[in-house]
Amino acid sequence: MKIALIQPKSFHAWEALNLGYIASFARKNGFEDIRFFSGFFDSDEEIVAGCRDADVVGFSCTSPQMKHAEYLASRIKRSNNHIVFGGVHPSCEPERTLENNDIDAVVAGEGEQAFLEILKGGRDRIIKRPYVEDLDSLPFPDRRLIKQERNIQTAYRDNGIRIASLFSSRGCPFSCVFCASHSVWSRKVRFRSADNILEEFKQVVDELKVDFIKFSDDTFTIKRSLVEEFCVKKIDRRIKTPWACNVRVDMVDEQMLKLMKEAGCREIWAGVESGSPRILKEMNKKITVEQVRRVFAASRELGLIRRAYMLLGMPEETLEDIKLSEALVDEIKPDVVGFTILAPYPGTRYYERGLHGGVDWSVVDEYENRITKTRALSNEDLHTEQARLVEKYRAGVAYRHKPKNGN
Ligand code: B12
């Protein structure tokens, strides 16, 4: 059986670890003939030609990638191949995704078991399988197949270092209203063991010769004992490569940060979101401004690079709330700061099919959207505030200026 896996176009050149996982699991179960294409690096013609004789073609889709995925599927679909869509967007909207006649099946949620079932002949239209209990039992993502060297080269051109991502867990127990993560993972979190994480860490460093590892988990610091074991073992084994991770300010403290620093952590990224307690509550973020202050002060003291993600545009937000966010940023002095505007992506609390069903997510996102307004602020007001804040913190701003015409 010939299998093709496609990462449709997106404005980020990020490694398709999801398809790397799907592929290595399929390989482990005897399916060898797998090829991979990336819409970022490969042209449409190369992708279509490369899929001509594939029996099963799998697309991985966030909402921004759907448009390109559907376009490619329309060119690849034949009567005797099986087109499968998986990832966040199809997981949120399985039935809707299947309204496109070029798509034969949708995998909702975790993909490894479900895709294997398809390869073995399963022909259900919507496939959702129980989550793999033991994450250590999954083979590491096939980074050679997904041609990660291309992503590394791109990151190297942008940052001057060779970077790769890694996941230590799957899922997030929290219910922030702006996030769609639960639509793939539910709210249950599963963790890998420290040994298993370190084995992949070392393998990636040795084989791909990277200088830096990014933990891309929603939050790396959910399970304290795991973080501690990871850090202690990384130090013991003299694995020196530096790394960074997402933290929640309520799930990390000075002691933990100190150990992380000793184990080579260079940067922490935190969803601060707002300086207004009222808005944090509306977000269901379940953190306090005081926790933000403490974590940013402690990590500054330790010499960690600190990135803060701020979110504008919650329905109840006023100019006064934005001023509170600004004051908080002035106080915690993050080294890097991002200001985005709430985007009602499918899978988030604010997605309404009637209102947003027709939105082209390949050109609308939390940097550039003309949809979001609050009870007090128009969309224009929000963009004015965003632009003002980006300008004010220009030296350390994490802001992506996306071309207006999309990808
Ligand atoms: C890490 C991450 C990033 C990183 C990627 C880094 C990297 N190297 O992976 C970066 C920073 C680049 C990024 C960028 C963006 N991200 Co992001 N990101 C995430 C995050 C935290 C994890 C994604 C991930 O890789 N998970 C691990 C892999 C293994 O899981 P997975 O992709 O879901 O794949 C599994 C299943 O979905 C399924 N599956 C996936 N594909 C396929 C395909 C087939 C054929 C099958 C059968 C199964 C299958 O099987 C996989 C293994 O079990 C998620 C939140 C989350 N936890 O989901 C947000 C998330 C995916 N991102 C999101 C968004 C919005 C974006 C951006 C659009 C933001 C922006 N405007 O810049 C961009 C663009 C992304 C794109 N390509 O379109 C949203 C998507 C919402 C939506 N409705 O699509 C999420 C859910 C967060 C949120 N805000 O709610 N992101």
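Please find, within region 63-90, the residue that is surrounded by the most Cβ atoms within 10 Å (Cβ to Cβ) out of those that are touching a residue at least 24 places away in the same chain (Cβ under 8 Å) and hydroxyl-bearing (Ser, Thr, Tyr).
Across region 63-90, the extreme among qualifying residues is 63.
Residues checked against (1) in contact with a strand residue (DSSP E or B) (Cβ under 8 Å, 6 or more places away or on another chain); (2) surrounded by fewer than 17 Cβ atoms within 10 Å (Cβ to Cβ); (3) of a type outside the set (Gly, Ala, Ser):
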| residue | (1), (2), (3) |
| --- | --- |
| 212 | yes, no, yes |
| 225 | no, yes, no |
| 248 | yes, no, yes |
| 251 | no, no, yes |
| 270 | yes, no, no |
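Looking at region 163-203, which of its residues are more than 30 Å from residue 129 (Cα to Cα) and buried (at least 17 other Cβ atoms within 10 Å of the Cβ)?
163
Taking the conditions exactly as written (surrounded by fewer than 24 Cβ atoms within 10 Å (Cβ to Cβ), farther than 16 Å from residue 39 by Cβ, in contact with a Gly (Cβ under 9 Å, 6 or more places away or on another chain) and outside the structural domain of residue 349 (by TED's automatic domain parsing)), does residue 93 satisfy them or not?
When the stated conditions are applied, residue 93 passes them.
Residues that are in contact with a strand residue (DSSP E or B) (Cβ under 7 Å, 6 or more places away or on another chain) and near the ligand (Cβ under 8 Å from one of its atoms): find the helices (runs of 4 or more DSSP H) completely inside region 40-123 holding 3 or more of those.
By residue number, 112-119.
Which condition number in (1) in contact with a helix residue (DSSP H, G or I) (Cβ under 8 Å, 6 or more places away or on another chain); (2) not assigned by TED's automatic domain parsing to the domain that holds residue 283 is the one that residue 178 fails?
Among (1) in contact with a helix residue (DSSP H, G or I) (Cβ under 8 Å, 6 or more places away or on another chain); (2) not assigned by TED's automatic domain parsing to the domain that holds residue 283, the lone unmet condition for residue 178 is (2).
Which helices (runs of 4 or more DSSP H) does region 170-258 wholly contain that include 2 or more residues that are under 21 Å from the mean Cα position of the chain (by Cα) and within 12 Å of the ligand (Cβ to nearest atom)?
The qualifying helices (runs of 4 or more DSSP H) are 182-185.
Of the numbered conditions (1) over 26 Å from residue 34 (Cα atoms); (2) assigned by TED's automatic domain parsing to the domain that holds residue 64; (3) crowded, with 16+ Cβ neighbours inside 10 Å, residue 115 fails exactly one; give the number of that condition.
For residue 115, the failing item is (1).
Is one or more of the residues making up region 18-32 without any contact (Cβ under 8 Å) to a residue 60 or more places away in the chain and buried (at least 22 other Cβ atoms within 10 Å of the Cβ)?
no
Suppose we filter 381, 335, 365, 360 for residues that are within 19 Å of residue 270 (Cβ to Cβ) and of a type in the set (Asp, Glu); which single one remains?
335
Taking the residues in region 339-353 that are outside any loop (DSSP other than H, G, I, E, B) and in contact with a Leu (Cβ under 9 Å, 6 or more places away or on another chain) as candidates, determine which candidate is farthest from the ligand (Cβ to nearest atom).
Looking at residues that are outside any loop (DSSP other than H, G, I, E, B) and in contact with a Leu (Cβ under 9 Å, 6 or more places away or on another chain), I get 339.
Considering region 348-386 alone, what residues qualify as being of a type in the set (Lys, Arg) and closer than 17 Å to residue 315 by Cβ?
Hits for region 348-386 are 349, 370, 373, 375.
When you scan region 29-39, do you find a residue that is near the ligand (Cβ under 10 Å from one of its atoms), out of contact with any Gly (no Cβ under 6 Å at 6 or more places or on another chain) and in a helix (DSSP H, G or I), even just one?
No, because not a single residue in region 29-39 is near the ligand (Cβ under 10 Å from one of its atoms), out of contact with any Gly (no Cβ under 6 Å at 6 or more places or on another chain) and in a helix (DSSP H, G or I).
Could you list, ordered by first residue, the pairs with Cβ atoms under 6 Å in which the first is in region 369-386 and closer than 13 Å to residue 322 by Cβ and the second is surrounded by 21 or more Cβ atoms within 10 Å (Cβ to Cβ) and charged (D, E, K, R), at least 6 apart or interchain?
374/317
Determine which single condition residue 145 fails, assuming it passes every other condition in (1) outside the structural domain of residue 216 (by TED's automatic domain parsing); (2) surrounded by fewer than 15 Cβ atoms within 10 Å (Cβ to Cβ).
If we test residue 145 against (1) outside the structural domain of residue 216 (by TED's automatic domain parsing); (2) surrounded by fewer than 15 Cβ atoms within 10 Å (Cβ to Cβ), just (2) comes out false.
Pairs needed: first member in region 172-193, in contact (Cβ under 8 Å) with a residue 12 or more places away in the chain; second member anywhere, charged (D, E, K, R) and within 11 Å of the ligand (Cβ to nearest atom); C-beta distance under 6 Å; at least 6 residues apart or different chains.
Close Cβ pairs (under 6 Å, with a partner that is charged (D, E, K, R) and within 11 Å of the ligand (Cβ to nearest atom)) amount to 172/218; 177/349; 181/218; 185/170; 190/170.
Could you please find all residues in region 127-150 being touching a Ser or Thr at 6+ places or on another chain (Cβ under 9 Å), farther than 18 Å from residue 34 by Cβ and outside any loop (DSSP other than H, G, I, E, B)?
Selection gives 135, 136.
The values are calculated or read from the model by the stated rules, or taken from the named source; none is laboratory data. Because the structure is predicted, anything quoted here is derived from the model rather than measured. Positions of Cβ are backbone-derived with ideal geometry, glycine not excepted, and every protein chain shown enters the neighbour counts.
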